[in-house]
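One structure below.
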Amino acid sequence: MSSSSSSSPSAGPVASPLLTLPGAVAAEAPDEGVAAHYGDLFKEQRALADGTGFVDLSHRGVVTVSGADRLSWLHLLLTQHVEKLPAGEATEALILSANGHIEQALQLVDDGETVWMHTEPGKQRELISYLESMRFFYRVEIADRTAEFAVVHLPAGSIATVPEDTAAVREAAHGRDVFLPRGSLGGFADSHAPAIGVLAYEALRVEAHRPRLGMETDHRTIPHEVGWIGSAVHLQKGCYRGQETVARVHNLGKPPRRLVFLHLDGSEVRLPVHGDAVRLAADGAEGRAIGFITTSARHHELGPIALALVKRNVPVDAALIAGEEATAAAQEVVVAP
């Protein structure tokens with residue numbers, strides 16, 4: 001006998017109480033509700049790279065799936081092999097459309113009784129709607145826990161301990177995501193200072209070439225284009241929506257676009273932003289767009305950097321320009337053509 005969702009979907013992002021910390025500057029879309037920085041972007045980046053401090057990610061959606069069938073049921077829906085996921089082992093997974101386009105990107109961990117996952121701000125409502133539609137006779141309970149729990153990030157190398165009231169910890173190569181009761185955010189900030197804004201977190205994400213849903217993806221992105229094959233897609237499992245597209249593109253080896261890392265000319269005051277066109281430098285500022293900027297950042301060591309999605313047939317050694325100001329951009333391969 002199936003169970004109903006234990007809570008209704010939460011409303012939009014709620015401003016984090018940590019926005020009252022000294023120097024906090026509120027972030028813009030898609031990260032409204034938390035701090036972009038606390039007064040010194042590069043200092044915060046260096047602290048994060050050194051394994052100190054924490055990042056407030058309390059604007060992200062938190063969803064849980066519990067019940068005896070949770071792993072076998074999720075295994076049928078996700079791109080990742082989770083049927084026998086050991087308790088405490090972190091993984092990431094996607095939900096695809098029937099045509100293989102990315103709809104959800106989930107960061108998840110099972111605690112032995114419940115799968116805890118977080119996703120992009122506001123995407124939990126869409127996620128829960130899909131999961132509910134696929135519940136059928138499985139013994140699972142699906143809940144939106146965003147109003148109750150917040151995600152905070154401890155960087156790789158951090159020796160900080162997690163509070164006793166922590167619900168779950170997801171430990172990945174780049175650090176630990178802690179699912180913490182929202183009421184504990186203030187105390188966590190006091191004991192885990194310094195607080196670090198999402199701009200620093202994003203700069204290190206760009207440096208590490210890690211894609212983000214809604215930034216490195218659009219309505220037609222497939223996993224191969226952004227490097228999610230392997231980390232979020234298990235190629236030896238089937239039986240999930242969009243699997244046919246994954247297998248076909250993998251066997252043919254020809255995704256239509258590919259993710260690249262860009263070193264941007266540091267003399268420009270304005271960074272190109274998400275959606276700005278990328279062109280071949282040889283064609284000039286009036287040339288045909290061959291891709292677009294997905295995320296740009298100012299890095300404390302590398303200077304201005306970005307990720308971009310370009311057409312597969314763009315030569316890997318081609319000089320590029322980006323944005324309205326035709327900023328020079330030297331590319332590094334992230335996804336091979």
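Observations
- You will find that of 98, 143, 168, the residue that is at pLDDT 95 or above and out of contact with any strand residue (DSSP E or B) (no Cβ under 7 Å at 6 or more places or on another chain) is 98 and no other.
- Qualifying residue in the stretch 103-123 (condition: in contact with a Pro (Cβ under 6 Å, 6 or more places away or on another chain), modelled with pLDDT of 95 or more, open to solvent by 10 Å² or more (accessible area, probe 1.4 Å) and within 21 Å of residue 172 (Cα to Cα)): yes
- Residue 302 satisfies every condition listed in (1) in contact with a helix residue (DSSP H, G or I) (Cβ under 8 Å, 6 or more places away or on another chain); (2) among the aliphatic types (A, V, I, L, M); (3) touching a residue at least 60 places away in the same chain (Cβ under 8 Å); (4) surrounded by 22 or more Cβ atoms within 10 Å (Cβ to Cβ) except (4).
- Qualifying position, being touching a Leu at 6+ places or on another chain (Cβ under 8 Å), open to solvent by less than 60 Å² (accessible area, probe 1.4 Å) and under 16 Å from residue 221 (Cβ atoms), among 241, 279, 258: 258
- Flag if residue 90 is surrounded by fewer than 21 Cβ atoms within 10 Å (Cβ to Cβ), within 15 Å of the chain's Cα centre (by Cα), of a type in the set (Gly, Ala, Ser) and closer than 29 Å to residue 32 by Cα: yes
- Odd one out for residue 220 among (1) modelled with pLDDT under 95; (2) in a loop (DSSP other than H, G, I, E, B); (3) not acidic (Asp, Glu): (1)
- Subset of the stretch 168-183 (residues that are of a type in the set (Gly, Ala, Ser), farther than 22 Å from residue 44 by Cα and open to solvent by 30 Å² or more (accessible area, probe 1.4 Å)): 183
The values are calculated or read from the model by the stated rules, or taken from the named source; none is laboratory data. Keep in mind the model is a prediction, meaning the values are calculated, not measured. FYI the Cβ positions are ideal-geometry reconstructions off the backbone, even for glycines, and counts take in every protein chain you see. With ligands, DNA and RNA removed, areas are computed over all heavy atoms of the protein, side chains included. Shrake-Rupley method; radii C 1.70, N 1.55, O 1.52, S 1.80 Å.
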